[in-house]
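This report concerns only the one structure given below.
The values are calculated or read from the model by the stated rules, or taken from the named source; none is laboratory data. Remember, it's a predicted structure, so these values are computed and weren't measured experimentally. With ideal geometry, Cβ positions are generated from the backbone for all residues, glycine too; neighbour counts draw on all protein chains shown. Keep in mind that these areas ignore ligands, DNA and RNA; they rest on the heavy atoms of the full protein, side chains included. Shrake-Rupley method; radii C 1.70, N 1.55, O 1.52, S 1.80 Å.
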Amino acid sequence: MDAIQTSTPGANRLKKNTLGTAAVTFLVVSAAAPLTAVAGGVPLAMLLGNGAGIPGTFLLVTAILLIFAVGYVAMARHIRNAGAFYAYTAQGLGGALGGAAALIAILAYNAMQIGVFGMFGAATSGLLASLGLTLPWWVYTFIGIAAVGVLGYRRVDFSAKLLTVLVVLEYAVVLVIDAGILLKGGDSGLTASPFTAPAFFSGSPAIGILFCFAAFIGFEATTIYSEEAREPHRTVPRATYISVLIIGLFYMLTSWLMVMGEGADKLGDSLKGLADPTTFLFVLAERYVGSWIVTLMQVLFVTSLFAGVLAFHNGVARYIYVAGREKLLPASVGVTHDVFQSPHVGSLVQTAIAMVVVAFFAYAGLDPVLALFSWLTNVATLAIIVLMAMTAFSILVFFRRNPGLESNPFSTTIFPVVSGVILTVLVYFIAVNFGGLAGAEGALAVFLPALVLIAAVIGLLLSLRLKAADPSAYARLGAGQAE
């Protein structure tokens, strides 16, 4: 039994055999926005989390995600559906929870994409202001939304090629900084102290884990492109493992060298002394490489953000398309373009949502980073970890119902249970500490994480409505398309 699928009209499908392992990997790695993570996320993780223990924390999180990936790719061998988390949940835990997962996924990727657009607008505005062109952040954000909308409307392989170039440049500039610190021996020599237990348990390791986990968001998208991949049975598993290892090793190496570059004993005071902790990598770059690289980093920081929003846009468009194709949402959104075979209606819907949300934040005068970026990306992180927890338990149930599909208990039982429990604990911690993590206060600290629950309830109701109206369609939720 190679794939659990169902029939739909042949013309209404994503373009098959479009993406190889490298293309899928770059689509996924770009969503993780490596330069954005190490320049913006890692210093904050060090400051608010467990300081010099962050490299060891990245090692732990990488291990957790690899454990999750074992069951994830095992299920990918049997279900090929651009709905990914939704499809796995529907096939494992049933159509009702599958509907909940679909709406949570649409919320998650929308929130992440639109939130990152806040940072994109602010970063672009700051960069161009230094060159004499001063415009409000939202002007650049709307330009970015339009550009992403055009790319998302067209064939995904064009987006993949663009993202490949941008991601290679991101990695290159950070690796140059890494090499500079490594060759000069850091501030006071190179040691393995950031990987020790005392370093990990210093400060607040729980917050450090959450920041490190958020830096990987997007790695799970390999299965979103399964319907468009060449030899998906091989491409998707390979891309998943390669993505986790590339992202994890890169973060571990770079964060370790950032600690070494400043000195583990000086790190906390140095970060507290900066007016903006996210300038930390830029300070190290100038110190160990030279001032010339700082300007290049500023440009690539903007392109890193653009690569991220484009990758998340592609993910949202496919979730909307699948939800329409499988009748959870109106059938009009579940169609592909006659020429590009892209989920063009889903792309247009996501573009419209982004414009409305950004217009609201701009009109209200809210900060693009402290409000739009911080609030929405934390909602997205919570939602995606909820989806991963649901998926982990779905994998367990799916293989219990289909015992002949896989024989390895680690991929069908042990690793899904272990990762599911860990992810559930993370969901609880984020939910109860959401206000502090996202910088939200009062009712907002309750409302924002509650959006995940609201999305789940809406999805549940939509699936129950489908069950009453079309039981056969309900029974096929998450099954995918026939060849």
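Per residue, how large is the accessible surface of segment 287-438? Use a 1.4 angstrom probe and give square angstrom.
Details: 5800 Å² over 152 residues.
Heavy-atom accessible area per residue stands at 38 Å².
Each other residue within a Cβ distance under 12 Å of A39 adds +1 if Lys or Arg and -1 if Asp or Glu, for a net charge of -2. Between helix 344-364 and the chain there is an angle of about 50 degrees, using the helix long axis and the longest principal axis of the Cα atoms.
A simple charge model with +1 on the Cβ of Lys and Arg, -1 on the Cβ of Asp and Glu and nothing else charged puts the dipole of segment 251-348 at about 300 debye relative to its Cα centre. Approximating the spin labels as points 7 Å out from Cα along Cα→Cβ, the V417-to-V150 distance works out to 5.4 nm.
Taking Cα centre as origin and charging only the Cβ of basic (Lys, Arg, +1) and acidic (Asp, Glu, -1) residues, the dipole magnitude of the chain rounds to 1140 debye. Note on segment 146-296: semi-axes of the ellipsoid equivalent to its C-alpha gyration tensor, largest first and rounded to whole Å, are 33, 20, 15. Computed packing ranks the peptides 401-409, 334-342 as 334-342, 401-409, most packed first, by mean other Cβ atoms within 10 Å.
Which order do peptides 463-469, 313-319 fall in by mean Cβ count within 10 Å, highest first? Write down the numbers at each step before the final one.
Numbers: 463-469: 15.3, 313-319: 29.0.
With the highest mean Cβ count within 10 Å placed first, the list reads 313-319, 463-469.
What the Cα atoms of segment 238-295 give is an Rg and a Dmax of 14.0, 43 Å.
Mean shadow of segment 317-409, computed from the convex hull of its alpha carbons, in nm²? Don't skip to the end; give the middle numbers.
Values: hull surface 37.4 nm².
Over every viewing direction, the Cα hull of segment 317-409 projects on average to 9.3 nm².
For the chain, the calculated P(r) over all alpha carbon pairs, in 20 Å bins from 0 to the bin holding the longest distance, is 25, 59, 16, 0 percent. Seen through its C-alpha gyration tensor, with square-root eigenvalues sorted a ≥ b ≥ c, segment 189-234 comes out prolate because a/c lies at 1.5 or above while a/b is bigger than b/c. Projecting the Cα atoms of M252, A323, A264 onto the dipole axis of segment 247-327, where Lys and Arg carry +1 and Asp and Glu carry -1 at the beta carbon, places A323 farthest toward the positive end.
Which one of A147, G92, L370 has its Cα pushed farthest toward the positive end of the charge dipole of the chain, where Lys and Arg give +1 and Asp and Glu give -1 at the Cβ? The residue sitting farthest along the positive end of the dipole is G92. Think of it as helices only: each DSSP H run of n ≥ 4 in the chain is worth -39500 (n - 2.57), and spread over all residues that comes to -23000 deg cm²/dmol at 222 nm.
If R0 equals 30 Å, the separation of the Cβ atoms of S188 and L245 corresponds to a calculated FRET efficiency of about 0.50. Counting only alpha carbon atoms, the long axis of helix 292-325 and the longest principal axis of the chain meet at about 10°.
Roughly to the nearest percent, how much of the accessible area of segment 179-311 is carbon and sulfur, given a 1.4 Å probe? Show your work: numbers first, answer last.
Numbers: 3370 of 5160 Å².
For segment 179-311, the apolar C and S fraction of the accessible surface comes to 65 percent.
Along the charge dipole of segment 165-302, which of I177, T191, G290 sits closest to the positive end, that is, farthest toward it, with unit charges on the beta carbon of Lys, Arg, Asp and Glu (+1, +1, -1, -1)? Value: T191.
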